[in-house]
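The values are calculated or read from the model by the stated rules, or taken from the named source; none is laboratory data. Note that the coordinates shown come from a computational prediction; the quantities given were computed from them, not determined experimentally. Every residue, glycine among them, receives a Cβ derived from its backbone with ideal geometry; neighbour counts consider all protein chains shown.
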Amino acid sequence: MSLTEPRRAVISSYTEWDPLEEVVVGRLDGGVFPTWQPSMAAVMPPGVPGLLRYRGGQNLPGEHLGIACRELDDFADMLAREGIEVRRPAVVDHSAEFATPHWRTSGGLYAAMPRDLLLVAGTTIVEAPMSWRCRYHEVHAYRELIKSYFQAGAGWLQAPQPLLTDELFRAEHDHESADYAITEFEPVFDAADFLRFGHDIVAQQSHVTNAFGIRWLDWALGDEFQVHRITVNDPHAMHIDATLAALAPGVLLVNPERYIHNDLFKDWKIIEAPEPTLPAEWPMYFCSPWVSMNVLSLDERTVVVERQEKPLIDVLTRAGFDCFPVDFRHVYSFGGSFHCVTADMRRAGGPETYLT
Ligand code: DAV
């Protein structure tokens, strides 16, 4: 390579839909139940808080987890067969207890959901300051990958390390109230509360992402990006990607229970996601069945969808998309689907303006 030839950025991803070339796919191996903290009450399915009060740090249910790990591996293999470069986090011990001077946790969680932790904005990778104490060291499983991306030319930012002391959490949070379970004590966010639309990034405030965190990210990304906060109707908000999915320039899949019209999308075609098909008795530990719409776009025509979400497959097919069916219900149980378990590192295409 000559010195004058611009180096192809090893990380470059500006949208949710440009042709996918390289992706990190998470791992559930060694996953443990999160250690309870009161701010989780606002986002957990009914019945789960009681379970977490005594299972924090203990292994996730083995048989179900084993099937979910196979589903994840099969999904990763499918992406590789499509010619996409797939990277995986390291297998690390999530069961180790840890503490700061202010608090302790019975263990970590898993390295299954890189979307929660890593935000790729163009050629920069941002490590999110997550508000669940058990996730404080989750980035360790990704550090070899991040270092190698940096060595190859990527930008690398870590948000200010949060204290996660009691001041961050609302002591008396009533989870039916309009308040969030976290305060504005310090910047925190999960990367999954953001969606990328070229120069514009759309964010939701949630029970894991505060306005301070959104402001920090907007500042840290500089003039190339503008972060817009939108309002949704989701009393249990945690992660925007079961509420909105950007499928192509001008096409947005929305959760009809949560989406509130926003002028940012006034010229966009809005497709309402049909009801999820998951049976009521299916175990869901950390999220709602609306992860049915947590799809991954391979390009602006092709979408990976859970095989049993037939109504969604029909809606997307009628809208002109090719759906790639993949079995993923056991992964759902542990908190997410195709968008959550991935962090796209490289998509073709550069920065454009899609929102006016
Ligand atoms: O339950 O709708 C799903 C996203 C979790 N990472 C929910 C949130």
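At-a-glance table
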item	result
Boolean, Phe324 is of a type outside the set (Asp, Glu) and surrounded by fewer than 23 Cβ atoms within 10 Å (Cβ to Cβ)	yes
Close pairs (8 angstrom Cβ cut-off, 6 or more residues apart or separate chains): over 19 Å from Arg215 (Cα atoms) and among the β-branched types (Val, Ile, Thr) in region 113-137, more than 16 Å from the ligand (Cβ to nearest atom) and in a strand (DSSP E or B) anywhere	Thr123/Ser12; Thr123/Gly155
One residue from Ala171, Ala152, Ala181 being under 25 Å from Val23 (Cβ atoms) and in contact (Cβ under 8 Å) with a residue 24 or more places away in the chain	Ala152
Filter result for the condition that a residue is among the acidic types (Asp, Glu), out of contact with any Cys (no Cβ under 6 Å at 6 or more places or on another chain) and part of a helix (DSSP H, G or I), over Asp77, Asp93	Asp77
Residue within region 338-345 that is of a type in the set (S, T, N, Q) and free of Cβ contacts under 8 Å to residues at least 40 places away in the same chain present	no
Residue within region 191-204 that is surrounded by 21 or more Cβ atoms within 10 Å (Cβ to Cβ) and acidic (Asp, Glu) present	yes
Residue check, Pro89 touching a Lys or Arg at 6+ places or on another chain (Cβ under 7 Å) and buried (at least 24 other Cβ atoms within 10 Å of the Cβ)	yes
Residue selected from region 197-234 under the condition aliphatic (A, V, I, L, M) and in a helix (DSSP H, G or I), by the criterion farthest from the ligand (Cβ to nearest atom)	Ala220
Selection within region 235-271 - within 13 Å of the ligand (Cβ to nearest atom) and of a type in the set (A, V, I, L, M, F, W, C)	Ala237, Met238, Ile240, Ala242, Leu244, Ala245, Val254
Strands (runs of 3 or more DSSP E) fully within region 106-165 counting 1 or more residues that are more than 20 Å from Val331 (Cβ to Cβ), within 16 Å of the ligand (Cβ to nearest atom) and of a type outside the set (Gly, Ala, Ser)	118-121
Sole residue being of a type outside the set (Val, Ile, Thr), closer than 20 Å to Glu127 by Cβ, modelled with pLDDT of 95 or more and in contact with a helix residue (DSSP H, G or I) (Cβ under 9 Å, 6 or more places away or on another chain), chosen from Ala68, Ala111	Ala111
Odd one out for Glu63 among (1) surrounded by 14 or more Cβ atoms within 10 Å (Cβ to Cβ); (2) part of a helix (DSSP H, G or I)	(1)
Pair list, Cβ < 6 Å and 6+ apart or interchain, from region 273-299 residues that are more than 30 Å from Ala348 (Cβ to Cβ) to residues that are of a type in the set (Asp, Glu) and within 15 Å of the ligand (Cβ to nearest atom)	Thr277/Glu309
Within region 277-354, strands (runs of 3 or more DSSP E) holding 2 or more residues that are within 16 Å of the ligand (Cβ to nearest atom) and touching a Leu at 6+ places or on another chain (Cβ under 8 Å)	302-306, 342-347
Residue satisfying all of: in region 20-36; buried (at least 23 other Cβ atoms within 10 Å of the Cβ) and of a type in the set (A, V, I, L, M); farthest from the chain's Cα centre (by Cα) among these	Leu20
